[in-house]
1. Any idea what the relative contact order of the chain is, in percent, if you count C-alpha pairs under 8 Å spaced at least 6 apart?
2. Compute the distance in nm between two label points, each set 7 Å from the Cα along the Cα-to-Cβ direction, one at D41 and one at S101.
3. Per residue, how many Å² of accessible area does the chain show with a 1.4 Å probe?
4. For the chain, give the percent of accessible area contributed by carbon and sulfur heavy atoms, probe 1.4 Å, rounded to a whole number.
5. Calculate I(q)/I(0) for region 1-135 by the Debye formula, one identical point scatterer on each C-alpha and no solvent, and give its log10 at q = 0.10, 0.16 Å⁻¹ to two decimals.
6. Which part of region 99-139 falls in the paramagnetic zone of D76, meaning amide N under 19 Å from the point 7 Å along Cα-to-beta-carbon?
7. Which order do the peptides 35-45, 83-93 take when ranked by the mean count of other beta-carbon atoms within 10 Å per residue, highest first?
8. Tell me the angle of helix 29-38 to the major Cα principal axis of the chain, expressed in degrees between 0 and 90 and rounded to the nearest ten.
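The values are calculated or read from the model by the stated rules, or taken from the named source; none is laboratory data. This structure is a prediction, so every number in the text was calculated from the model and none was measured. Here the Cβ is made from the backbone with ideal geometry for all residues, glycine too, and neighbour counts use every protein chain on show. Each accessible area value is taken on the protein alone, full model and side chains, heavy atoms only, with ligands, DNA and RNA left out. Shrake-Rupley method; radii C 1.70, N 1.55, O 1.52, S 1.80 Å.
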Amino acid sequence: MAEEKSLSPEARRALTERDIPPAVMDIERGHVRRFAEAIGDDSDRWADVAPPTFLRAMLSELPSAPELEAFPQMLDGGSDWEYGEPVRVGDTITAVTRFASVNQRNIGVGPAVFLQIETRYTNQRGDWVATQKNTLIRY
């Protein structure tokens, strides 16, 4: 019989209370231009403003979470985006990520942990640029 994997309520709470260091990225004209070309839109409208999907290129790393080692496989459960101020060439964008919720339930392959991760993006003036809500499924 397979070993039953479980994430305790305390471990779930600890994840939602964990501080995650922010990620910071300077928005460079060449990076925006290459991104626009990669998505097939190299028009002049992206000369000074980044396409909304540009923030996907911003690397923000989730912290190691020893609590999740028993669930080594991961699926992307999708994401939702809300946009505020445009991202402009010359901006410095800060992304602050947190575990919004951590739940466990059984799926077809066995026990799984559903992580709702929220990332809030702001520019150097503190203006809200975007929020990404992403679901990761660990099993």
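1. Working: 258 pairs, mean separation 41.0, N = 139.
Once divided by the residue count of the chain, the mean separation gives 29 percent.
2. So the two model labels end up 3.1 nm from each other.
3. Numbers: 8410 Å² over 139 residues.
Value for the chain: 61 Å² per residue.
4. On the way: 3980 of 8410 Å².
Answer for the chain: carbon and sulfur cover 47 percent of the accessible area.
5. One equal scatterer on each Cα of region 1-135 leads to -0.42, -0.86.
6. Inside the label zone: 99-100, 113-121, 130-139.
7. Details: 35-45: 11.6, 83-93: 16.2.
Output ranking for 35-45, 83-93: 83-93, 35-45.
8. The angle comes out at about 70 degrees.
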